[in-house]
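*Asks:* I'd like to ask you about the structure that follows.
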């Protein structure tokens with residue numbers, strides 16, 4: 001179909017090209033040139049910003065990860081350090097992630113993989129939140145009054161400041177706090193790692209619910225009404241209508257939510273850091289089981305000042321997030337087949 | 001009666017010839033509410049009312065879960081000490097107002113921070129810093145992004161697609177993986193001792209903001225721009241007099257979203273702001289709490305309330321715009 005139209009047009013295009021070689025070309029070019037110039041002018045700042053603060057920063061981060069620049073190397077400036085290579089070899093900072101620490105103080109390997117596992121465990125909140133928000137958004141799209149009001153109320157935790165929410169959580173779920181009094185479960189002080197992680201999971205699900213609900217309600221409202229009616233007339237029940245008619249139509253929204261929340265979830269930092277303290281700030285803070293990967297990056301930098309190693313960890317995080325996103329898109333394209 | 005039912009469900013016909021009393025009652029019960037195939041005396045209206053009531057109950061329970069912790073935080077900020085705070089359910093058993101003035105914890109959170117930071121009026125200062133960090137870069141950044149969005153959506157220039165995808169690919173780089181390099185970079189420019197590291201990068205706009213404004217501009221007719229061009233208006237004038245007012249809903253939405261993002265930002269200022277007098281509110285609140293829990297927790301809760309109230313007020317005023325813009329970002333993939 002497309003090829004056909006191209007062949008038809010190509011004849012006309014040849015004719016047009018002949019005409020365009022005539023004088024008018026110059027005038028068009030002037031307008032064209034102006035549009036070109038203005039186009040570049042309008043995108044210039046964004047382009048510079050993206051280049052400097054993302055791409056060049058990323059390249060610097062990669063270069064830094066091969067160096068051994070830390071707080072100790074006071075003599076060398078950052079710019080000098082960029083070109084250097086770690087005296088233990090090019091990939092020294094990456095190698096330690098896979099080696100047990102010789103000094104026997106916990107070991108980098110245990111910390112890297114432990115914090116990564118913790119981050120992945122925190123991702124469990126995504127499917128839980130997805131199911132809950134699907135449930136609530138289906139209820140909200142029923143023909144009831146105040147559904148808009150409910151949507152606003154459910155969105156309140158999402159807009160609230162993470163710092164305030166996390167500190168409140170630490171008190172609410174903390175030792176002797178309300179949750180322990182009501183449910184008899186100790187979540188934070190003296191609790192097992194499982195319950196401590198559960199406290200963070202509940203927090204992230206609670207905080208993220210509103211945003212997902214708003215997106216899903218928008219998706220459900222956009223479902224083609226005539227399809228639903230047709231299914232209803234054919235005798236499908238509400239359950240079937242939901243799974244067969246509505247679900248495929250809101251699938252893009254669900255996919256969008258999952259992709260963005262996996263990317264965001266891998267970068268979780270503030271909630272665990274505020275509830276359990278920074279990695280490395282105290283001895284108790286060196287808890288692999290509650291500190292997420294970003295907490296480890298920040299902690300390594302903050303406590304040890306090892307900028308090169310922290311950059312290497314950052315690059316690993318970027319690769320993991322990129323891989324996860326690719327996998328999700330691959331699964332998505334497979335499903336469409 | 002049973003025969004009719006058996007006809008309806010042939011698969012079960014073999015094993016359950018006679019339904020016992022309980023099953024019959026259950027069927028009648030479900031049927032009355034219009035559920036299932038058994039209800040011959042069911043009505044759609046009754047079914048709807050029944051499920052509406054259930055819906056309201058669930059939604060109210062959910063709404064309670066959403067709001068209660070915030071109420072608890074507010075109530076706890078009036079507690080006298082840690083013990084009272086922990087036992088608080090609806091309202092602390094003894095509030096500071098019985099001993100001191102009602103807002104003792106709030107005033108205390110100011111003085112505590114002053115002592116910690118050696119900065120006068122430190123909490124007010126941090127609120128001002130937060131305002132600077134959220135207003136200046138966000139305002140400039142959104143306008144810069146809108147300009148880029150205008151070029152992406154309505155202008156035709158060489159390399160447009162390349163620039164667009166080049167910028168869009170930047171969202172694949174997560175902030176934590178470049179933050180250390182950025183810190184060293186800003187440090188070498190002497191930005192981290194002042195506010196500049198929090199202000200300048202934001203002024204260059206954000207590709208996601210530009211992306212959503214571009215999506216919005218696509219939906220607008222091009223005729224008005226063509227008409228303006230014929231009338232001799234330059235691109236700059238077209239942008240300021242036509243595009244900004246036309247794309248105002250999208251620009252406002254992105255402004256509010258970025259503003260709230262900056263207001264709640266925690267990791268970046270923790271890294272990029274070294275001087276106490278330039279730290280924003282989120283850092284102030286987290287340092288009042290501090291992992292060692294030096295200060296009484298009611299004071300922390302008071303500081304948390306201070307941090308959360310402006311954003312909730314903003315949300316209350318602009319909730320339609322905010323919810324609408326979130327919906328917009330989702331549906332436009």
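What follows draws every value from the coordinates through simple rules; no lab data is involved. Keep in mind it's a predicted model, so treat the numbers as computed, not measured. In this analysis, Cβ positions are derived from the backbone assuming ideal geometry, glycine residues included, and neighbour counts consider all displayed protein chains.
*Asks:* Under the rule of -39500 (n - 2.57) per DSSP H run of 4 or more residues, summed and divided by the residues of the protein assembly as shown, what mean residue ellipticity at 222 nm is obtained, to the nearest 500 deg cm²/dmol?
*Replies:* Taken over the protein assembly as shown, the calculation gives -22000 deg cm²/dmol.
*Asks:* Taking the simple approach of a point 7 Å from Cα along Cα-to-Cβ for both residue A:247 and residue A:41, what is their distance in nm?
*Replies:* That separation, rounded to one decimal, is 5.5 nm.
*Asks:* Can you classify region B:169-274 as rounded, prolate or oblate using the Cα gyration tensor, where a ≥ b ≥ c are the square roots of its eigenvalues, rounded means a/c under 1.5, and otherwise it's prolate if a/b beats b/c and oblate if not?
*Replies:* Taking the square roots of the gyration eigenvalues as a ≥ b ≥ c, region B:169-274 is prolate.
*Asks:* Using the per-residue mean of other Cβ atoms lying within 10 Å as a proxy for protection, in what order, highest first, do the peptides A:254-260, A:308-314 fall?
*Replies:* With the highest mean Cβ count within 10 Å placed first, the list reads A:308-314, A:254-260.
*Asks:* Which of rounded, prolate, oblate describes the protein assembly as shown, given a ≥ b ≥ c as roots of the alpha-carbon gyration tensor eigenvalues and a/c under 1.5 marking rounded, otherwise prolate only if a/b is larger than b/c?
*Replies:* Oblate shape, in that a/c is at least 1.5 and b/c is the bigger or equal ratio.
*Asks:* Please tell me the relative contact order of region A:72-202 in percent, rounded to the nearest whole number, where contacts are Cα pairs under 8 Å and at least six residues apart.
*Replies:* Over region A:72-202, the number comes to 13 percent.
*Asks:* Provide the FRET efficiency to the nearest 0.05 for the residue B:320-residue B:199 pair, computing r from the beta carbons and using R0 = 35 Å.
*Replies:* 0.70
*Asks:* Here's another thing I want to ask about it. Provide the packing ranking of B:144-150, A:265-271, i.e. peptides ordered by the mean count of other C-beta atoms within 10 Å per residue, highest first.
*Replies:* So the peptides B:144-150, A:265-271, ranked by packing, come out B:144-150, A:265-271.
*Asks:* Going by the alpha-carbon gyration tensor, a ≥ b ≥ c the square roots of its eigenvalues, is chain B rounded (a/c under 1.5) or, if a/c is not under 1.5, prolate (a/b greater than b/c) versus oblate?
*Replies:* Oblate, since a/c reaches 1.5 and b/c is not below a/b.
*Asks:* Still on this structure, I have one more. Would you mind calculating the gained length between residue B:309 and residue B:124 on full extension (0.36 nm times residue separation, minus the Cα-Cα distance), in nm to one decimal?
*Replies:* So the chain would gain 65.2 nm between residue B:309 and residue B:124.
*Asks:* Related question: Once you average over the residues of A:311-323, how many Cβ atoms of partner chains fall within 10 Å of each Cβ?
*Replies:* 4
*Asks:* Residue by residue through A:61-68, how many Cβ atoms from other chains fall within 10 Å of the Cβ on average?
*Replies:* Average per residue, whole number: 3.
*Asks:* Next question. Could you grab the relative contact order for chain B? Cα pairs under 8 Å, six or more apart, rounded to a whole percent.
*Replies:* Reported as a whole number, the value is 22 percent.
*Asks:* Give, as ranges by residue number, the residues of region B:143-177 whose backbone N falls under 19 Å from the point 7 Å along Cα→Cβ of residue A:325.
*Replies:* Counting backbone N atoms under 19 Å from the label point, the list is B:161-177.
*Asks:* Average partner chain C-beta neighbours within 10 Å, per residue of B:58-66?
*Replies:* 6
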